[in-house]
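Presented below is the structure to which this report refers.
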Amino acid sequence: MTKVTLTVNGRTMSGECEDRMLLVHFIREKLALTGTHVGCDTTQCGACVIHMDGRSVKSCSILAVQANGSAITTIEGLSAQGELHPVQAAFKEHHGLQCGFCTPGMVMTAVDMINRRGGSLTEEVVRSELEGNICRCTGYHNIVKAVLAADAEMAAGRQAAE
Amino acid sequence: MGVEGIGARVARKEDKRFLTGKGRYTDDMVVPGMKYACFVRSPHAHAKIRSIDVSAAKAMPGVIDVLDGKQLQADGIGNLICGWMVHSKDGSPMKMGAWRPLAHETVRYVGDAIAIVVADSSGEARDAAEAVEIDYEELPAVTEALSALEGGAPQLHPEAPGNLIFDWQIGDPEATDRAIASAAHVTEIELVNNRLSPNPMEPRATLGIYDEAEDHYTCYTTSQNPHVARLVMSAFYNVAPENKLRVIAPDVGGGFGSKIYIYPEEIVCLWASRKTGVPVKWTSDRTEAFLTDAHGRDHVSKVKMAFDADNRVIALKVDTVANLGAYMSLFSSAVPTYLYATLLSGQYAIPAIHANVRTVYTNTVPVDAYRGAGRPEATYLLERTMETAARELGVSPAELRRKNFIRTFPYQTPVIMNYDAGDYEASLDAAMQAADWAGFDSRRASAAARGKKRGIGMSCYIEACGIAPSAAVGSLGAGVGLWESAEVRVNAVGTIEVLTGSHSHGQGHETTFAQLVAGRLGVPIDSINIVHGDTDKVQMGMGTYGSRSGAVGMSAVVKALDKVEAKAKKIAAHLMEADEQDIVIENGELKIAGTDKTVPWFQVALAAYTAHNLPVGMEPGLKETAFYDPSNFTFPAGCYIAEVEVDPETGKTEIVQFVAADDFGNIINPMIVEGQVHGGLAQGIGQALLENVHYDPDTGQLLTASFMDYAMPRADDLPSFTLSHQNTPCPGNPLGIKGCGEAGAIGSPPALINAITDAIGHNRLTMPATPMKVWQALQPAL
């Protein structure tokens with residue numbers, strides 16, 4: 001057993017784990033943050049996407065011990081108390097989720113996408129960027145709409161702030 | 001009906017918890033003392049078990065116990081059953097082979113469960129599962145239905161000689177043969193409906209908790225129908241009597257049919273919890289899901305469609321062989337019979353139809369209902385045949401369909417169904433207009449100038465939802481009734497809980513069911529909670545599948561609301577000293593019609609519970625229950641058009657546009673209905689272009705057991721969709737709803753394949769139309 005300490009959603013959190021434990025299982029089982037999901041065994045589905053030191057990663061493809069000392073944001077830490085992040089709000093407004101299982105990973109991927117390429121997103125870019133996140137419910141139609149809408153709203157927000 | 005009532009695009013009440021990571025799925029559940037399970041599964045497609053040695057596994061670190069099928073059988077746990085009896089045409093009942101929750105004599109597919117390991121951690125359970133030593137005597141395996149019917153094929157069950165489960169027919173064989181003999185033209189085609197894995201994003205999971213003090217079991221499970229799970233586990237598997245078994249299906253991450261069935265794992269985890277004295281949780285990994293979740297489709301069919309000299313269809317003859325896998329899953333027998341062959345009239349007036357269906361055991365995971373369940377197979381068969389006929393006859397595919405449409409309702413088909421309402425031409429016209437069908441030739445020419453082959457194809461589908469009435473399905477062999485229940489509980493302060501036997505696993509019932517109540521009573525949608533998925537809360541229900549929750553589940557809510565409103569009106573009339581006939585309910589008030597005299601809804605509720613001033617003899621309280629059993633199926637229908645460009649260099653198909661024009665009857669929430677269509681289309685397009693379950697035919701190994709080998713549709717595989725509705729209300733239920741959950745998956749595969757075969761100029765193409773297959777189809781025949 002190894003002690004792993006992370007800054008998760010702004011709080012320092014620690015737990016003991018087997019060296020083989022994946023970060024996603026550490027987050028779910030040791031930190032009891034069950035918003036991050038496991039949908040496959042082969043790093044294909046993206047239900048486990050989190051942000052680690054500001055970049056989106058699939059938390060099923062990294063060991064918890066490798067993440068020691070890093071800053072993690074999970075879906076639970078994306079928005080301030082009671083408020084939805086603009087991406088979350090756009091998913092709700094545009095019905096970008098149905099069963100909700102892929103949703104945390106989709107949202108974390110979309111936030112990262114907008115952080116990197118915000119203001120320049122097109123339908124083609126969004127579809128290509130979402131290639132690593134599988135949804136079985138929505139046919140992606142409304143997810144794409146939601147990401148584009150959130151991008152436009154966040155770009156407008158940035159402009160207003162300037 | 002206002003901004004929150006029927007017809008409004010209300011954003012979903014359930015979204016916030018899913019968007020903030022606060023959904024509660026089965027694998028999220030943690031209870032004190034909980035341990036983890038791993039199943040030992042057969043690596044062979046077919047083998048006898050000579051011996052099972054668990055001693056090394058039991059000695060592994062963290063292991064609580066290892067239990068096998070002999071112990072399970074000794075404890076009286078029953079075999080899994082198929083709940084729909086189908087008889088062969090000679091009158092003999094279907095041949096059900098024994099399916100043990102844990103096999104201890106013979107395994108019949110890769111993934112067949114043999115033992116359960118319970119350990120402190122999932123990793124330790126997995127390690128110990130690998131240490132269970134099983135001595136197998138390997139047997140030859142067969143994975144394809146036609147091969148399984150051949151003489152000398154490996155035999156799966158002694159109960160089913162020749163691997164034949166049943167040989168069933170529907171329709172009039174003589175009349176059909178006579179019409180074919182007299183036909184001016186007969187189109188013949190052989191079709192394969194490819195095998196699919198449902199793959200909801202949440203893998204199956206279950207948590208079994210045995211409480212020794214109360215002799216009571218709790219089962220958390222990823223189920224579309226927790227009440228049916230409790231019924232079956234009590235009545236057939238002897239897990240526990242119903243009053244000693246609570247089944248909870250909390251948030252469930254998609255189902256698409258695969259979570260209807262009661263699988264071995266739920267039964268075994270409950271039993272293992274009693275044996276070990278600890279709560280036992282099992283969560284499937286994705287490969288396990290591919291190996292053990294019921295698959296869908298897998299038909300091989302021969303079709304003859306006969307036309308008279310005026311191009312009217314005069315007969316349809318179908319011979320289908322359906323692969324049901326190694327065991328008969330819960331509703332597997334109904335899918336290739338009553339959910340398939342009864343839809344073979346499609347949207348067309350066909351005077352003579354005959355279908356023969358043989359179902360077959362193979363060394364593959366059981367096959368059962370997957371989104372559409374039988375209806376996609378029927379639609380693919382009819383619409384590819386109709387398209388082929390149009391090409392052979394040299395007529396427009398649209399006009400051939402139009403000429404044969406059913407136009408008067410009700411319409412009795414020769415294959416049981418009685419269509420109640422529809423306007424097939426309206427959807428055809430709308431789809432053709434939205435797709436600019438008339439302008440296709442110039443688009444094809446400009447694509448050709450770019451070196452691309454452009455094609456267009458259509459499909460006119462019909463389906464049947466809300467299977468009912470119970471007496472009718474009972475007479476066809478169903479082991480259950482297919483009604484639904486609802487309870488409307490008005491609290492003393494006027495807020496409302498609606499308990500429903502329907503189950504939401506993505507469909508948004510917490511919103512749409514609340515819209516119905518908000519619209520009826522004029523109370524805020526936030527004052528209404530929808531409760532489902534727990535057998536301790538909802539008394540009984542049949543669950544969600546077959547697009548039944550709107551047509552059947554919400555109709556039950558309507559019936560319960562009728563009773564609640566009637567009592568509320570009596571109370572209001574009493575309070576206002578008026579005649580109850582004069583009371584109307586509007587905007588959250590009960591009002592004497594034509595006056596300004598009102599009493600607010602909450603005050604009536606309060607009066608019902610204080611009971612200080614009720615009409616003489618009235619019971620206190622305001623809570624009503626209803627069971628709704630529909631009078632007929634509902635019949636959604638529509639027309640889908642796909643337009644594609646094929647790159648002849650690579651064989652890759654690009655979907656240039658996809659148009660869906662649907663008749664779903666009345667719609668509660670258009671936003672949610674559109675979402676259902678999008679998702680269905682993606683699954684249908686997946687079947688047509690990408691997805692295929694592939695077993696090695698010699699070894700029976702599943703070669704497509706991960707998302708790296710099984711091509712799930714991804715965002716960059718799909719276009720945005722163009723949708724419209726041409727709704728004719730369903731006369732069979734109080735809300736006029738038909739159902740929308742499966743249409744997309746039913747109508748889209750033939751539209752796409754018709755478009756691709758149009759692009760490549762011939763008809764020799766099977767699903768999925770991968771770039772390799774399309775490229776090969778474009779090469780000159782050798």
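Specify the residue that is nearest to B:Leu735 (Cα to Cα); the eligible residues are those in the stretch B:533-577 that are assigned to a helix (DSSP H, G or I) and of a type in the set (Ser, Thr, Tyr). It would help to see each step written out before you state the result.
Narrowing the stretch B:533-577 to residues assigned to a helix (DSSP H, G or I): B:549-576.
Retained after the next criterion (residues that are of a type in the set (Ser, Thr, Tyr)): B:549, B:555.
On the way: B:Ser549: 12, B:Ser555: 7 Å.
Selected residue: B:Ser555.
Can you tell me which residue within the stretch B:38-57, out of those that are buried (at least 16 other Cβ atoms within 10 Å of the Cβ) and not aliphatic (A, V, I, L, M), is farthest from B:Asp135 (Cα to Cα)? Can you show your working first?
Of the stretch B:38-57, the ones buried (at least 16 other Cβ atoms within 10 Å of the Cβ) are B:38-42, B:44-47, B:49, B:52, B:54, B:57.
If we keep only those that are not aliphatic (A, V, I, L, M) as well, we get B:38-39, B:41-42, B:44, B:46.
Numbers: B:Cys38: 19, B:Phe39: 17, B:Arg41: 13, B:Ser42: 11, B:His44: 11, B:His46: 13 Å.
Here the residue is B:Cys38.
Of everything in the stretch B:199-212, what is part of a loop (DSSP other than H, G, I, E, B) and crowded, with 23+ Cβ neighbours inside 10 Å? Give them in sequence order.
To start, the set of residues in the stretch B:199-212 that are part of a loop (DSSP other than H, G, I, E, B) comprises B:199-204, B:212.
Result: B:Asn199, B:Pro200, B:Met201, B:Glu202, B:Pro203, B:Arg204.
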Completion exercise
Picked from the stretch A:4-18 (must be part of a loop (DSSP other than H, G, I, E, B) and at pLDDT 95 or above), the residue nearest to the other protein chains (Cβ to nearest Cβ) is A:Asn9
Exercise for the section: Look through A:Thr42, A:Thr73 and report the one residue that is facing another protein chain (nearest Cβ under 7 Å) and β-branched (Val, Ile, Thr). Expected result: A:Thr42
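Just for the stretch B:104-128: of the residues that are within 14 Å of chain A (Cβ to nearest Cβ) and farther than 26 Å from B:Leu703 by Cα, which one is surrounded by the most Cβ atoms within 10 Å (Cβ to Cβ)?
First, pick out the residues of the stretch B:104-128 that are within 14 Å of chain A (Cβ to nearest Cβ): B:119-127.
Narrowing the set further to residues that are farther than 26 Å from B:Leu703 by Cα leaves B:119-121, B:124.
On the way: B:Ala119: 24, B:Asp120: 15, B:Ser121: 17, B:Glu124: 21.
Only one residue tops the list, namely B:Ala119.
Working carefully through the options B:Tyr609, B:Tyr640, find the one that is in contact (Cβ under 8 Å) with a residue 40 or more places away in the chain and in the same structural domain as B:Ala448 (by TED's automatic domain parsing). I'd like the intermediate steps shown before the answer.
Numbers: B:Tyr609 fails: in the same structural domain as B:Ala448 (by TED's automatic domain parsing).
Unique residue meeting the criteria: B:Tyr640.
So is B:Ala755 under 23 Å from B:Leu382 (Cα atoms), hydrophobic (A, V, I, L, M, F, W, C) and in contact with a helix residue (DSSP H, G or I) (Cβ under 6 Å, 6 or more places away or on another chain) or not? Steps first, answer last, please.
Values: under 23 Å from B:Leu382 (Cα atoms): yes; hydrophobic (A, V, I, L, M, F, W, C): yes; in contact with a helix residue (DSSP H, G or I) (Cβ under 6 Å, 6 or more places away or on another chain): no.
Here the answer is no, as B:Ala755 does not meet what is asked.
In this structure, does B:Ser333 turn out to be more than 14 Å from chain A (Cβ to nearest Cβ) and farther than 21 Å from B:Pro749 by Cβ?
Numbers: more than 14 Å from chain A (Cβ to nearest Cβ): yes; farther than 21 Å from B:Pro749 by Cβ: yes.
Yes.
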Exercise for the section: Select, from A:Ala67, A:Ala89, A:Ala160, the only residue that is within 12 Å of another protein chain (Cβ to nearest Cβ) and among the small types (Gly, Ala, Ser). Expected result: A:Ala89
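Quick one: which helices (runs of 4 or more DSSP H) sit completely within the stretch B:1-103 and have at least 3 residues that are within 14 Å of chain A (Cβ to nearest Cβ)?
Numbers: elements: B:15-19, B:55-58, B:69-74.
Where helices (runs of 4 or more DSSP H) fall fully within the stretch B:1-103 and carry at least 3 residues being within 14 Å of chain A (Cβ to nearest Cβ), they are B:15-19.
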Practice task
Please enumerate the residues belonging to the stretch B:643-675 that are under 16 Å from B:Pro376 (Cα atoms) and either within 14 Å of chain A (Cβ to nearest Cβ) or modelled with pLDDT under 95 (or both).
Solution key: B:Ala660
Problem - The listed residue being under 25 Å from B:Ile756 (Cα atoms), crowded, with 24+ Cβ neighbours inside 10 Å, touching a Leu at 6+ places or on another chain (Cβ under 9 Å) and not assigned by TED's automatic domain parsing to the domain that holds B:Met542, out of B:Ala306, B:Ala369, B:Ala326 - result: B:Ala306
Problem - Residues of the stretch B:708-717 satisfying the condition of being surrounded by fewer than 22 Cβ atoms within 10 Å (Cβ to Cβ), under 23 Å from the mean Cα position of the chain (by Cα) and within 10 Å of chain A (Cβ to nearest Cβ) - result: B:Met712
Problem - Residue under evaluation B:Ala705, criteria (1) within 11 Å of chain A (Cβ to nearest Cβ); (2) touching a Pro at 6+ places or on another chain (Cβ under 9 Å), criterion not met - result: (2)
Problem - Total residues in the stretch B:482-499, condition more than 19 Å from B:Thr512 (Cβ to Cβ) and assigned to a strand (DSSP E or B) - result: 1
Handout entry: Exclusive hit being outside the structural domain of B:Phe664 (by TED's automatic domain parsing), buried (at least 22 other Cβ atoms within 10 Å of the Cβ), in contact (Cβ under 8 Å) with a residue 12 or more places away in the chain and not aromatic (Phe, Trp, Tyr), set B:Lys70, B:Lys35
Key = B:Lys35
Handout entry: Flag if B:Trp282 is aromatic (Phe, Trp, Tyr), more than 14 Å from chain A (Cβ to nearest Cβ) and buried (at least 24 other Cβ atoms within 10 Å of the Cβ)
Key = no
Handout entry: Answer residue from the stretch A:128-157, given it is more than 17 Å from the chain's Cα centre (by Cα) and either buried (at least 23 other Cβ atoms within 10 Å of the Cβ) or within 10 Å of chain B (Cβ to nearest Cβ) (or both) and is farthest from A:Gly96 (Cα to Cα) among those
Key = A:Arg136
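Restricting attention to the stretch B:361-398, which residues are β-branched (Val, Ile, Thr), over 21 Å from B:Tyr545 (Cα atoms) and under 21 Å from the mean Cα position of the chain (by Cα)?
B:Thr364, the sole residue that qualifies.
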Practice task
Determine whether the stretch B:431-439 contains at least one residue that is under 26 Å from the mean Cα position of the chain (by Cα) and either closer than 27 Å to B:Ile467 by Cα or in the same structural domain as B:Leu344 (by TED's automatic domain parsing) (or both).
Solution key: yes
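Residues checked against (1) basic (Lys, Arg); (2) over 41 Å from the mean Cα position of the chain (by Cα); (3) under 30 Å from B:Gly541 (Cβ atoms):
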residue	(1), (2), (3)
B:Ala556	no, no, yes
B:Lys559	yes, no, yes
B:Lys563	yes, no, yes
B:Ala568	no, no, yes
B:Gln581	no, yes, no
B:Asn587	no, no, no
B:Thr595	no, yes, no
B:Phe602	no, no, yes
B:Tyr609	no, yes, yes
Problem - Candidates B:Glu265, B:Glu242, filtered to the one that is among the acidic types (Asp, Glu), touching a strand residue (DSSP E or B) at 6+ places or on another chain (Cβ under 6 Å), over 30 Å from B:Glu188 (Cα atoms) and outside the structural domain of B:Met708 (by TED's automatic domain parsing) - result: B:Glu265
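Those residues that are among the polar types (S, T, N, Q) and under 23 Å from B:Arg24 (Cα atoms), I need them from the stretch A:55-93; list them, please.
Pass one, the stretch A:55-93, residues among the polar types (S, T, N, Q): A:56, A:59, A:61, A:66, A:68, A:70, A:73-74, A:79, A:81, A:88.
Of everything in the stretch A:55-93, those that are among the polar types (S, T, N, Q) and under 23 Å from B:Arg24 (Cα atoms) turn out to be A:Ser59, A:Thr73, A:Thr74, A:Ser79, A:Gln81, A:Gln88.
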Practice task
State whether one or more residues within the stretch B:23-37 are more than 28 Å from the chain's Cα centre (by Cα) and at positive phi.
Solution key: yes
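Condition check ((1) under 29 Å from the mean Cα position of the chain (by Cα); (2) among the charged types (D, E, K, R); (3) on the phi < 0 side of the Ramachandran plot) across all residues:
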position: B:Asp127; (1), (2), (3): no, yes, yes
position: B:Leu139; (1), (2), (3): no, no, yes
position: B:Leu146; (1), (2), (3): yes, no, yes
position: B:Gly151; (1), (2), (3): no, no, yes
position: B:Asp167; (1), (2), (3): yes, yes, yes
position: B:Ala179; (1), (2), (3): no, no, yes
position: B:Ser182; (1), (2), (3): no, no, yes
position: B:Ile189; (1), (2), (3): yes, no, yes
Practice task
Can you confirm whether the stretch B:673-696 contains a residue that is acidic (Asp, Glu), outside the structural domain of B:Phe602 (by TED's automatic domain parsing) and not in a loop (DSSP other than H, G, I, E, B)?
Solution key: yes
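The values are calculated or read from the model by the stated rules, or taken from the named source; none is laboratory data. The structure displayed is predicted, hence computed values, not measured ones. Please note: Cβ atoms are built from the backbone with ideal geometry, for glycine as well, and neighbour counts cover all protein chains shown.
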